[in-house]
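To start, the structure itself, in structure tokens.
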Amino acid sequence: MNKARRILTSILTASLVFSSTAQATTLISTEQAAAAMAPAARSEAHARLHTALDRADLAAMLQARGVSADEMRARVDALTDAEAKQLVQQIDQDPAGASDVVGVLFTVFIILLVTDILGLTKVFPFTRAVR
């Protein structure tokens, strides 16, 4: 039993050593992976983000928050393609400083309605003043 265990241990050890060396030859470095990446697919989203970072107003806003433009460029370069595409899509979908027009109009309507009901204004003919 002891001899069989020793032989089995030797065989398992040898197989692990040979399989790990075979796997090590298939690994590639980060530089090789980056070089193998398609430049057109990578550059589209990343180039758009770099173009945004080249704007003077954005660089000033980043500087005011304590982040240098070079640091942001390095962070954009570190993004994967999927992350860069997701960030570009989020930028495209978010309104740029615009507020919800429907919400603003609804708020103005409610304010005018309440002031009409209180008798402070006479904007809507369908309201009666409380006074």
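The values are calculated or read from the model by the stated rules, or taken from the named source; none is laboratory data. Given the structure is predicted, the values throughout are model-derived calculations rather than measurements. Cβ atoms come from the backbone with ideal geometry, glycine included; neighbour counts cover every protein chain shown.
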So, in the range 80-115, how many residues would count as being surrounded by 10 or more Cβ atoms within 10 Å (Cβ to Cβ), at pLDDT below 80 and outside any helix (DSSP H, G or I)? 1
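Okay, residues lined up against (1) among the small types (Gly, Ala, Ser); (2) within 20 Å of the chain's Cα centre (by Cα); (3) not assigned by TED's automatic domain parsing to the domain that holds GLU44:
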| residue | (1), (2), (3) |
| --- | --- |
| ARG55 | no, yes, no |
| ALA59 | yes, yes, no |
| ASP77 | no, yes, no |
| THR107 | no, no, yes |
| PHE126 | no, no, yes |
Tell me whether the range 56-69 contains one or more residues that are among the charged types (D, E, K, R), in contact with a helix residue (DSSP H, G or I) (Cβ under 6 Å, 6 or more places away or on another chain) and in a helix (DSSP H, G or I). no
Only one of these conditions is not met by ARG42: (1) under 20 Å from ASP77 (Cβ atoms); (2) at pLDDT 65 or above; (3) charged (D, E, K, R). Which number is it? (2)
